[in-house]
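Scroll down for the structure; my scribbles are underneath it.
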Amino acid sequence: MEEKKLGMIAQFKKDVRRRMLTGLLLILPVYVTFFVVKFLFGFVGGTLSPVIRKVLQFYGVALPKSSLDEFIITFLGLILTFISLYFIGIFAANFVGKAIILYFENLLTKTPIIKSIYSSVKQIIHSISLPGKQAFKRVVLVDFPKEGTKSIGFVTGATKYNNEKRFITVFIPTTPNPTTGFIIFTTEDDVLDANLTVEEAFKILFSGGVLTPDCLFAAAKTTPTNTSQEN
């Protein structure tokens, strides 16, 4: 009787753990999504919030005192940000706008320190946002951090060493934060193409390997991929 009672208690604890884990797996994605959206809402909407407050002060309107007032101001800032971006796009498309933008770009690219930051950021944004461009061209497995161990890498481009040997650029992200990582230059012979899409690779990285497929297939590439224009 005592053993049966202990068995029932053990089963009850097991059921409780399983149900709590099921609930966590359902709630956690919603929780993370909510905070990401909240951050983006506050970040984008908050850009013009100070302008709206100044306008309210100018017309003698009372500044926000409640959370609802703050939400309304941030929401208005979000709408105004999108409207501003739209009209900036229209302005940049005409002759006068292009001339003004070109003038300020030349000014930025000739200013020490600022020119390096501006040029790098502009290049990265263009490589990600332009149609037909992909920041991560394919997923590979590479020996890292030592020979015999495999890490997920993303081929991001290609270059030449001493105008002779062709190298591919591979970004090896860290986990569970794949926004940081390492850049290595290696040859096609030193990487293996994985049977993973970019999205599947990111799932593995974000989950710390929990969502790794049951079987990984990888093979050496027989013909080099034209990942960028060679010099």
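Every number here is computed from the coordinates shown, using simple stated rules; none is lab data. These figures come from a predicted structure and were not determined experimentally. Cβ sites come from the backbone with ideal geometry, for glycine too, and all protein chains shown count toward neighbours.
Each of GLN57, VAL121, VAL44 was scored by the projection of its Cα onto the charge dipole of the chain, and the greatest displacement toward the positive side belongs to GLN57; charges sit on the C-beta of Lys, Arg, Asp and Glu. With a Förster radius of 22 Å applied to the beta-carbon distance between SER119 and PHE144, the computed FRET efficiency rounds to 0.15.
To the nearest 0.05, how large is the calculated FRET efficiency for LEU211 and PHE71 if R₀ is 25 Å and r is the Cβ-Cβ distance? Plugging the Cβ-Cβ distance into 1/(1 + (r/R0)^6) gives 0.10.
Ranking of ILE90, ILE172 by neighbouring Cβ atoms within 10 Å, starting from the fewest: ILE90, ILE172.
Return a whole-number percent for the relative contact order of the chain, with Cα pairs under 8 Å and 6 or more residues apart as the contact set.
11
Note on PHE58, PHE171: ascending count of other Cβ atoms within 10 Å places them as PHE58, PHE171, the fewest first. Working ranking of peptides 36-43, 22-29, 152-159 by packing, defined as the average number of other Cβ atoms within 10 Å per residue, highest first, is 152-159, 36-43, 22-29. Rounded, prolate or oblate: which one fits the chain, using the alpha carbon gyration tensor with axes a ≥ b ≥ c (rounded when a/c is under 1.5, else prolate when a/b beats b/c, else oblate)? In terms of gyration-tensor shape, oblate. Strictly over 23 Å apart at the Cα level, which of LYS137/LYS203; LYS110/LYS137; LYS98/LYS122; LYS115/LYS165; LYS110/LYS165 would you flag in this model? From the list (LYS137/LYS203; LYS110/LYS137; LYS98/LYS122; LYS115/LYS165; LYS110/LYS165), the Cα-Cα distance tops 23 Å for LYS110/LYS137; LYS115/LYS165; LYS110/LYS165.
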